[in-house]
1. Limited to the range 101-118, what total is found for residues that are under 14 Å from residue 59 (Cα atoms) and assigned to a helix (DSSP H, G or I)?
2. Which count do you get for residues in the range 78-94 that are closer than 11 Å to residue 58 by Cα and in a loop (DSSP other than H, G, I, E, B)?
3. Go through the range 149-176 and count every residue that is surrounded by 18 or more Cβ atoms within 10 Å (Cβ to Cβ), touching a strand residue (DSSP E or B) at 6+ places or on another chain (Cβ under 8 Å) and part of a loop (DSSP other than H, G, I, E, B).
4. If you take the residues in the range 229-242 that are under 20 Å from the mean Cα position of the chain (by Cα) and crowded, with 20+ Cβ neighbours inside 10 Å, which one is farthest from residue 192 (Cα to Cα)?
5. Surrounded by fewer than 21 Cβ atoms within 10 Å (Cβ to Cβ) and either farther than 19 Å from residue 237 by Cβ or outside the structural domain of residue 236 (by TED's automatic domain parsing) (or both): which single residue out of 213, 197 fits that description?
6. Quick check on this structure: which one of 179, 146 is buried (at least 18 other Cβ atoms within 10 Å of the Cβ), out of contact with any strand residue (DSSP E or B) (no Cβ under 7 Å at 6 or more places or on another chain) and assigned to a helix (DSSP H, G or I)?
7. Somewhere in the range 45-60, is a residue in contact with a strand residue (DSSP E or B) (Cβ under 8 Å, 6 or more places away or on another chain), surrounded by fewer than 16 Cβ atoms within 10 Å (Cβ to Cβ), in a loop (DSSP other than H, G, I, E, B) and at pLDDT 95 or above?
8. Is it the case that residue 24 is touching a residue at least 60 places away in the same chain (Cβ under 8 Å), outside any helix (DSSP H, G or I) and over 20 Å from residue 115 (Cβ atoms)?
């Protein structure tokens, strides 16, 4: 698969570095660094694009400027892309209205598009755009990418006697590499603490999703991202957690 990653700064560069380090060897990843300054409205996209870009099947937009979204249809046409994944880890970088327009523009070109909010909500079947709304994924290129990168999916093992995590592998990493970072540090942690530890590690990586409150979620996208990872961990360690119950006589029973 030929991929063109569009970046603006460190946020996107970290994604590219992780994809190159841990993605399939057959993926060919080229990078275009978008202009740092773009006008509020782009009337002539060609003025802000290079004369040529390498051909690609899939575009990954990790840009930190909303103007780049307005360039994506022209870029897709220029390089013959069949699909686009435009990350939304910050509402300022890709506002909801512009994301909706982008999906419409690309649909008119018969180019598949996913605008996951946050980026680590992407799976092989869907992605989130609000807390309660998901859009389906069906294009094989997006599906292939999402099998390996998107919503974190760890596979944990635990010792039933000590109730500690004994192994952690990554079935699907976050695009930024956060899931791999967390997995490497969960071994030896008590099942009682694993979920909370995963959340702390996610923040310490650090996650670069927005810390401003997002109205589509009523929370920060950093917290939404962290909770997706915590939920995956909590579900797996649940059978090994120690549960305390208050008995009728006020005593604490452990089970």
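1. 3
2. Filtering the range 78-94 for residues closer than 11 Å to residue 58 by Cα gives 79-86.
Checking which are in a loop (DSSP other than H, G, I, E, B) leaves us with 80-82.
Here the count works out to 3.
3. Count: 5.
4. Filtering the range 229-242 for residues that are under 20 Å from the mean Cα position of the chain (by Cα) and crowded, with 20+ Cβ neighbours inside 10 Å, the one farthest from residue 192 (Cα to Cα) comes out as 229.
5. Going through 213, 197 in turn, the sole match is 213.
6. Working: 179 fails: out of contact with any strand residue (DSSP E or B) (no Cβ under 7 Å at 6 or more places or on another chain).
Step by step, each of 179, 146 is checked, and only 146 is buried (at least 18 other Cβ atoms within 10 Å of the Cβ), out of contact with any strand residue (DSSP E or B) (no Cβ under 7 Å at 6 or more places or on another chain) and assigned to a helix (DSSP H, G or I).
7. Step one: of the range 45-60, the residues in contact with a strand residue (DSSP E or B) (Cβ under 8 Å, 6 or more places away or on another chain) are 50, 53-60.
Retained after the next criterion (residues that are surrounded by fewer than 16 Cβ atoms within 10 Å (Cβ to Cβ)): 50, 54-55.
Going one step further and asking which of them are in a loop (DSSP other than H, G, I, E, B), we end up with 50, 54-55.
Okay, now just the ones that are also at pLDDT 95 or above, so 54-55.
Within the range 45-60, one or more residues are in contact with a strand residue (DSSP E or B) (Cβ under 8 Å, 6 or more places away or on another chain), surrounded by fewer than 16 Cβ atoms within 10 Å (Cβ to Cβ), in a loop (DSSP other than H, G, I, E, B) and at pLDDT 95 or above.
8. On the way: touching a residue at least 60 places away in the same chain (Cβ under 8 Å): yes; outside any helix (DSSP H, G or I): yes; over 20 Å from residue 115 (Cβ atoms): yes.
Taking the combined requirement at face value, the residue satisfies it.
The values are calculated or read from the model by the stated rules, or taken from the named source; none is laboratory data. Keep in mind that what you see is a predicted model, and the values were worked out from it rather than measured. Neighbour counts are summed over all protein chains in view; Cβ atoms, including those assigned to glycine, are modelled from backbone coordinates with ideal geometry.
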